[in-house]
1. Report the one residue of A:His197, A:Gln216, A:Ser234 whose Cα lies farthest in the direction of the positive end of the charge dipole of region A:188-254 (charges on C-beta: Lys and Arg +1, Asp and Glu -1; origin at the Cα centre).
2. If you line up the long axis of helix B:16-31 against the longest principal axis of chain B, both from Cα atoms, how many degrees apart are they, to the nearest 10?
3. Between the label point of B:Ala329 and that of the same position in each other copy, find the distances and list them shortest first in nm, with every label point placed 7 Å from Cα along the Cα-to-C-beta direction.
4. For Cα pairs less than 8 Å apart in space and 6+ apart in sequence, what is the mean separation divided by the residue count of region B:1-136, i.e. the relative contact order in percent?
5. For B:Glu314, which inter-copy label distances result when the label point lies 7 Å beyond Cα on the Cα-to-Cβ vector, reported in nm to one decimal and in ascending order?
6. From the P(r) of region A:217-330, can you give the percent of Cα pairs sitting at distances over 19 Å?
7. What average number of partner chain Cβ atoms lie no more than 10 Å from the Cβ of the residues making up B:49-59?
8. Using only Cα atoms and rounding to the nearest 10 degrees, what angle (0 to 90) does helix B:289-299 make with the longest principal axis of chain B?
Protein chains: 2
Amino acid sequence: MALIVHKYGGTSMGSTDRIRNVAKRVAKWARAGHQMVVVPSAMSGETNRLLGLAKELAPSGSSAALNRELDMIASTGEQVSVGLLAIALQAEGVEAVSYTGWQVPLNTDSSYTKARIESIEDSRVRADLAAGKVVVIAGFQGVDDEMNITTLGRGGSDTSAVAIAAAMKADECLIYTDVDGVYTTDPRIVPDARRLHTISFEEMLEMASLGSKILQIRSVEFAGKYRVPLRVLSSFTPWDIDINEEAKSGTLISFEEDEKMEQAVVSGIAFNRDEAKVTLLGVPDKPGIAFQILGPVAEANIDIDVIIQNVSQEGKTDFSFTVHRNDFARTMELLENVVGPATQAAKVQGDPKICKVSIVGIGMRSHVGVASKMFRALSEEGINIQMISTSEIKTSVVIDEKYMELAVRALHKAFDLDKNPA
Amino acid sequence: MALIVHKYGGTSMGSTDRIRNVAKRVAKWARAGHQMVVVPSAMSGETNRLLGLAKELAPSGSSAALNRELDMIASTGEQVSVGLLAIALQAEGVEAVSYTGWQVPLNTDSSYTKARIESIEDSRVRADLAAGKVVVIAGFQGVDDEMNITTLGRGGSDTSAVAIAAAMKADECLIYTDVDGVYTTDPRIVPDARRLHTISFEEMLEMASLGSKILQIRSVEFAGKYRVPLRVLSSFTPWDIDINEEAKSGTLISFEEDEKMEQAVVSGIAFNRDEAKVTLLGVPDKPGIAFQILGPVAEANIDIDVIIQNVSQEGKTDFSFTVHRNDFARTMELLENVVGPATQAAKVQGDPKICKVSIVGIGMRSHVGVASKMFRALSEEGINIQMISTSEIKTSVVIDEKYMELAVRALHKAFDLDKNPA
């Protein structure tokens with residue numbers, strides 16, 4: 001008997017028929033003898049509907065008072081889901097009880113609309129599990145010290161599920177979603193893309209943050225921090241497939257790195273075409289210059305991704321970084337009017353038509369030649385590399401966006417990702 | 001400066017435009033210097049939508065576990081309303097904060113779907129009012145000792161508003177609804193029907209329970225018990241009408257009876273065509289017979305309204321009572337198969353085509369001739385009276401339903417209800 005957490009996304013909860021299927025699947029797991037905690041999202045479209053109503057009425061600008069009300073409203077989507085799922089489980093003959101975030105309670109700070117989990121009290125949930133009940137907990141939401149309802153931000157139900165699994169030391173947290181696992185790259189670009197049976201947390205972090213939008217990145221960080229075994233699998237398999245088969249399906253995100261280190265080095269190819277590149281040419285090479293450039297950008301709440309500064313020549317250097325494409329115009333304005341003059345940069349250049357392609361894999365740095373194999377594969381396709389950035393488990397290049405699909409396909413092939421690992 | 005509670009029904013909250021109007025009206029009252037607590041219902045149709053989803057999934061039969069989930073689901077309708085109204089108030093430049101039932105908290109027993117209010121802790125609300133905020137509280141819902149969400153049953157938002165007004169000793173509780181007050185009878189039947197400027201609690205109780213579905217009867221009981229001045233008024237007047245005019249509009253339900261006692265005796269004509277009549281003929285006239293008849297009916301959860309037992313002749317009597325028309329078939333079955341044989345009744349007769357018409361007025365019993373005036377008016381129209389029942393403040397007759405409109409019009413005229421009181 002294991003303690004298992006299931007998480008179901010909005011699509012899986014999208015209609016009463018689908019909720020009934022979720023209930024049948026959970027009932028199967030409960031009948032197999034497992035203690036079950038289930039964390040559903042709001043029915044698909046519901047959160048947008050609710051926030052749409054709020055938007056029609058809201059004053060312009062933002063405030064804590066307004067955000068508090070948005071959380072009051074948005075949290076009802078999951079509250080309806082847990083009630084409906086508990087009822088559907090009861091109809092399957094399974095004892096079930098639902099809880100909101102504040103009932104658990106799942107304690108957070110007071111950052112409405114993007115609260116952080118601080119602690120989870122699991123005594124009530126444990127008592128129900130011991131009594132043989134399935135416990136259904138509303139994702140995406142919590143409660144602050146003053147008993148105000150908070151939400152964790154978009155995709156927060158993943159984080160809720162992982163945090164609950166961590167707090168309760170669950171044996172595994174299964175994230176049911178509309179894809180059947182994590183792939184070596186996007187199958188829409190590379191038809192040969194292969195589902196990974198396992199991936200390390202670090203690789204998953206890179207894959208998630210680089211645009212494989214399967215899991216909210218905070219949930220992966222949480223799983224890594226608390227070493228929660230996490231599995232991504234499809235909610236569209238028939239509910240009555242064999243439970244042992246289901247338990248091995250999808251992709252396991254594992255914290256057991258050791259054996260992986262010896263295996264194939266590159267696990268997947270990630271990409272992101274939402275970025276734009278900005279360069280300051282002829283910046284004086286002196287202490288504090290990076291802060292002078294990035295300080296005002298960060299103050300404007302613009303997130304920065306890759307940063308490159310090369311060695312200087314004759315006391316001048318070039319400084320490049322990437323931002324989200326939506327922030328490109330504002331960033332250019334800041335640089336031209338504020339930063340450029342202050343840093344005496346000779347010129348500000350920008351290019352929104354770029355993309356970032358990365359090879360991701362544990363132990364990459366310890367394997368000589370991985371990066372050079374990447375650069376050779378790109379060069380053979382005539383693709384010019386504009387920026388390079390590396391970390392322990394990934395090597396990223398910024399290239400012209402028109403070459404993105406070509407680059408992904410070439411790299412997928414170069415690293416034999418279409419072939420099963422030995 | 002007064003402490004005022006406003007309650008808005010589902011129709012008044014039915015769209016973002018209407019919510020904006022509610023916000024403008026409340027803002028007007030707040031700007032006039034009043035401390036404002038507002039209790040809105042769910043947006044019209046929302047509670048039915050939510051319970052419809054639940055019904056699609058629910059197991060057959062009823063249970064506390066199921067009812068707990070229904071409350072979890074249904075309570076979200078009001079939770080969305082309070083958030084939206086608080087946001088709309090903020091957009092009007094008024095500081096506003098919303099609370100669910102559990103946040104106040106409004107404590108109830110654990111009778112899910114029909115919980116009773118036990119206590120209200122108002123310190124948090126008082127602190128907000130003192131800080132100049134409008135406080136928006138979700139109607140219809142509360143929380144039990146175990147922190148489970150409960151609801152008060154249909155129309156429970158009226159009860160919430162009155163209970164909050166009582167707990168906070170509000171100066172007045174204004175119930176905004178889709179009618180502009182309490183009338184001497186239904187204007188659709190008697191075009192001359194006149195709006196009452198004031199009505200006593202006792203009269204309002206009779207008017208409400210007899211089918212003038214303006215206020216949930218429990219809210220009127222509550223208002224009477226805690227002596228909360230209650231006003232029913234229209235939410236369809238323009239929001240910007242003069243506040244002094246608005247404050248005197250509608251019908252005030254008052255607990256100051258004394259002066260009323262001296263005035264016109266009959267305040268209104270109530271009627272109800274949802275009843276059916278059942279009679280057992282030739283019942284042995286011996287102790288315990290009423291219980292033998294009504295015990296099994298009550299056990300089947302069938303509510304009984306009027307009960308009549310006349311003096312016996314030759315050791316036999318006739319026993320009649322009325323039930324809701326929906327319960328008529330089941331009641332007849334019970335009587336024929338269970339009760340009739342046990343009581344040796346000679347015959348069971350039933351008639352679903354009846355109606356009850358009542359004259360309602362404080363101090364009726366102390367005024368000779370009121371009942372006889374009623375019977376004469378009906379007799380002049382050739383209407384046969386099947387049953388008569390009286391109380392301190394009403395006299396009801398059961399008649400053939402086809403005469404209902406005629407009887408109501410005749411009585412309205414006989415008691416001069418179309419004329420303003422002197």
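1. Result: A:Gln216, furthest along the dipole toward the positive end.
2. 70 degrees
3. Here B:Ala329 shows inter-copy label distances of 6.7 nm.
4. 27 percent
5. List, nearest first: 13.3 nm.
6. Percent of Cα pairs beyond 19 Å in region A:217-330: 68.
7. Per residue, the number of nearby Cβ atoms from other chains is 5 on average.
8. The helix B:289-299 is inclined about 40 degrees to chain B.
The values are calculated or read from the model by the stated rules, or taken from the named source; none is laboratory data. Being a predicted model, the structure only gives us computed values, none of them experimental. Glycine also receives a Cβ, built like all others from the backbone with ideal geometry; neighbour counts cover every protein chain displayed. Surface areas here come from the heavy atoms of the whole protein model, side chains and all, with no ligands, DNA or RNA. Shrake-Rupley method; radii C 1.70, N 1.55, O 1.52, S 1.80 Å.
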